[in-house]
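Structure first, then comments.
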Amino acid sequence: MSVQVVAAKMAEVELKDVPIGKELPVESPVTPTAEGKNLGRNDPHEAGSSAAASPTAEPSAKAGEGSLGLLNPNPVKMPQASAMKRSDPQQNGGEAFVNRDGTVAEAPRMKKIQFADQKQEFNKRPSKIGRRSLSRSISQSSTDSYSSAASYTDSSDDETSPRDKQQKNSKGNGDFCIKNIKQADFGRREIEIAEQEMPALMALRKRAQGEKPLAGAKVVGCTHITAQTAVLMETLSALGAQCRWAACNIYSTQNEVAAALAERGFSVFAWKGESEDDFWWCIDRCVNVEGWQPNMILDDGGDLTHWIYKKYPNMFKKIKGIVEESVTGVHRLYQLSKAGKLCVPAMNVNDSVTKQKFDNLYCCRESILDGLKRTTDVMFGGKQVVVCGYGEVGKGCCAALKAMGSIVYVTEIDPICALQACMDGFRLVKLNEVIRQVDIVITCTGNKNVVVREYLDRMKNGCIVCNMGHSNTEIDVASLRTPELTWERVRSQVDHVIWPDGKRIVLLAEGRLLNLSCSTVPTFVLSITATTQALALIELYNAPEGRYKQDVYLLPKKMDEYVASLHLPTFDAHLTELSDEQAKYLGLNKNGPFKPNYYRY
């Protein structure tokens with residue numbers, strides 16, 4: 001017997017107990033119990049979500065029927081099944097029931113239930129600052145690295161530029177410029193979580209702490225300021241270095257982490273949402289300080305190196321070396337070297353095996369999905385995506401999207417990478433061939449003007465445009481800042497750019513690096529990169545004079561292998577050891593290095 005038939009029979013049985021045509025006594029069908037009242041006070045969003053538009057909450061008849069048995073121990077039996085409900089305009093929205101014989105029976109009038117706390121909350125119109133704080137918490141909940149509202153309790157904090165505030169940590173030190181020092185406790189917990197996923201750095205900190213291989217080093221850094229970077233900075237400090245730090249991206253700083261570092265005495269100058277002027281001001285504050293001059297540079301993108309060359313070229317007389325971890329920054333270093341303007345040794349970390357084959361590939365393979373999902377809530381299955389560039393970053397993006405069911409196209413200039421894309425099952429195209437039909441455009445080339453205004457004009461309505469390369473040069477965002485186009489902020493790091501005919505595209509992070517601007521990245525992979533950076537600093541700082549000339553170098557193969565070996569215990573992995581005979585046959589040292597420098601992994 002079906003559920004509907006059973007319900008109908010039960011309704012007919014109940015009708016026998018109800019006098020037809022007789023008015024039912026007027027009383028509230030819902031009598032809140034003590035538990036119900038407490039629920040209303042404690043969670044108005046749960047108990048009175050419909051009350052947002054009105055200070056009172058009036059249950060509908062249908063809602064009342066469903067909850068009578070729960071809220072009232074002696075529920076009034078009401079006509080169902082064979083009775084038809086009718087609105088009566090004379091009763092100010094009241095209701096009546098038309099019975100089988102045509103008579104009209106007045107339905108019980110429901111008293112309006114009003115919880116005191118609800119009335120106070122919904123009647124009070126939010127102040128201007130309150131509305132801004134509320135919208136901020138909603139828009140940033142999907143992109144901030146934590147969602148606790150406690151971090152935004154001081155709404156006035158958002159109104160003042162960090163440059164205009166005087167902040168000090170608990171020890172009275174004020175040599176920093178961050179968003180809010182009060183967020184330090186949140187940041188410290190995030191750093192502690194990151195430490196658990198960065199075994200190599202923690203091992204390096206433990207092994208080398210007694211030796212202090214960076215004693216006397218004064219490291220100025222310009223990288224993404226995240227929990228993972230904080231672990232690196234504190235490791236460098238434990239190894240003897242003094243650090244001053246700025247952010248390499250105006251959107252990637254985790255404010256709570258910057259606060260935690262400042263609380264520990266680090267000179268940090270960064271906050272999420274810097275302006276271009278703020279960006280260069282922060283770098284200058286790291287470098288231009290009385291009584292302190294850097295002797296090592298750790299850069300990501302080359303902006304710090306560029307600034308010192310431009311503003312303080314004499315500083316290079318005391319700088320022992322540069323460590324650079326990005327494609328963009330390495331490209332700049334090679335340009336300086338070719339022009340004969342590179343005046344200190346530089347270590348190319350980006351092209352080390354432990355950076356390129358792990359961070360660029362595996363990190364992007366996971367973080368591309370995270371960034372897109374957090375910002376747009378997009379479903380990947382069936383979407384047509386074009387990925388510009390099939391280097392390690394492009395390979396990671398393509399693999400992730402293909403696994404989620406997307407139809408992926410690839411653009412490439414290098415025939416070797418292009419052939420790899422084809423062999424991996426992706427269709428190689430020119431961007432203008434598919435730009436009208438794709439749903440998502442992702443750039444990861446390290447180049448400039450990959451997606452120009454012509455392509456942006458031809459994109460379909462709702463197309464998502466984002467960049468996975470370091471710099472914001474790949475998408476011609478400047479061409480979109482014209483009077484005929486309207487920019488509409490949807491949520492943090494998400495903008496609609498609207499054309500006069502109503503077409504709109506979804507631009508993420510204003511064309512800057514998607515994963516670190518809009519989401520987070522896998523900590524374990526960053527442990528590999530950060531350990532490589534730390535070892536590169538140690539190598540350059542302690543190298544005898546003459547070992548490295550004024551040129552760009554790759555990390556020694558032996559050091560790459562050491563970084564990898566530090567991460568293997570996490571997987572309970574056991575390396576096979578060569579016998580003496582096997583080592584002799586291959587012409588190798590039993591302890592490595594196991595591959596020549598020209599080997600391509």
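The values are calculated or read from the model by the stated rules, or taken from the named source; none is laboratory data. Since we're looking at a predicted model, the values are computed, not measured. Neighbour counts are summed over all protein chains in view; Cβ atoms, including those assigned to glycine, are modelled from backbone coordinates with ideal geometry. Remember, those area values only see protein heavy atoms, side chains included, never the ligands or the DNA or RNA. Shrake-Rupley method; radii C 1.70, N 1.55, O 1.52, S 1.80 Å.
Note on region 542-576: among residues that are among the hydroxyl-bearing types (S, T, Y) and over 28 Å from the mean Cα position of the chain (by Cα), the one that is farthest from P213 (Cα to Cα) is T576. In region 476-490, the condition of being of a type outside the set (D, E, K, R), assigned to a loop (DSSP other than H, G, I, E, B), open to solvent by less than 30 Å² (accessible area, probe 1.4 Å) and closer than 24 Å to G394 by Cβ is met by no residue.
Considering region 217-237 alone, what residues qualify as being within 18 Å of G329 (Cβ to Cβ) and not polar (S, T, N, Q)? The answer is V219, V220, G221, C222, H224, I225, L232. Of all residues in region 570-594, those that are under 22 Å from K355 (Cβ atoms) and open to solvent by 90 Å² or more (accessible area, probe 1.4 Å) total 2. For K179, indicate whether it is open to solvent by 60 Å² or more (accessible area, probe 1.4 Å) and either assigned to a loop (DSSP other than H, G, I, E, B) or assigned by the TED database to the domain that holds V323 (or both). When the stated conditions are applied, K179 does not pass them.
Taking region 357-377 as the range and being at pLDDT below 95, open to solvent by 10 Å² or more (accessible area, probe 1.4 Å) and touching a Leu at 6+ places or on another chain (Cβ under 9 Å) as the test, only D359 passes. Among the criteria (1) in contact (Cβ under 8 Å) with a residue 60 or more places away in the chain; (2) over 22 Å from the mean Cα position of the chain (by Cα), the one D164 does not fulfil is (1). Here T531 meets the list (1) under 30 Å from K272 (Cα atoms); (2) in a loop (DSSP other than H, G, I, E, B); (3) not aliphatic (A, V, I, L, M) almost entirely, failing just condition (2). Exactly one residue out of I435, I442, I464, I407 is among the hydrophobic types (A, V, I, L, M, F, W, C), open to solvent by 70 Å² or more (accessible area, probe 1.4 Å) and at negative phi, and it is I407. Among the criteria (1) in contact with a strand residue (DSSP E or B) (Cβ under 9 Å, 6 or more places away or on another chain); (2) open to solvent by 30 Å² or more (accessible area, probe 1.4 Å); (3) of a type outside the set (A, V, I, L, M); (4) not in a loop (DSSP other than H, G, I, E, B), the one R207 does not fulfil is (1).
Condition first: more than 15 Å from the chain's Cα centre (by Cα) and open to solvent by less than 10 Å² (accessible area, probe 1.4 Å). Now tell me which residues in region 227-240 satisfy that. Answer for region 227-240, where residues must be more than 15 Å from the chain's Cα centre (by Cα) and open to solvent by less than 10 Å² (accessible area, probe 1.4 Å): A230, V231, L232, M233, T235, L236, L239.
For (1) open to solvent by less than 50 Å² (accessible area, probe 1.4 Å); (2) within 30 Å of E392 (Cα to Cα), each residue gets a yes or a no:
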{"residue": "V257", "(1), (2)": "yes, yes"}
{"residue": "A260", "(1), (2)": "yes, no"}
{"residue": "G273", "(1), (2)": "yes, yes"}
{"residue": "D278", "(1), (2)": "yes, no"}
{"residue": "V287", "(1), (2)": "yes, no"}
{"residue": "N314", "(1), (2)": "no, no"}
{"residue": "Y334", "(1), (2)": "no, yes"}
{"residue": "K338", "(1), (2)": "no, yes"}
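Taken as a whole, the structure places E412 among residues that are among the acidic types (D, E), surrounded by 22 or more Cβ atoms within 10 Å (Cβ to Cβ), touching a helix residue (DSSP H, G or I) at 6+ places or on another chain (Cβ under 8 Å) and in contact (Cβ under 8 Å) with a residue 12 or more places away in the chain. Where helices (runs of 4 or more DSSP H) fall entirely within region 354-471, those with at least 1 residues that are polar (S, T, N, Q) are at 364-376, 415-423, 431-434. The set of residues in region 491-541 that are more than 13 Å from the chain's Cα centre (by Cα), among the β-branched types (V, I, T), farther than 30 Å from V552 by Cβ and open to solvent by less than 10 Å² (accessible area, probe 1.4 Å) comprises V497, I505.
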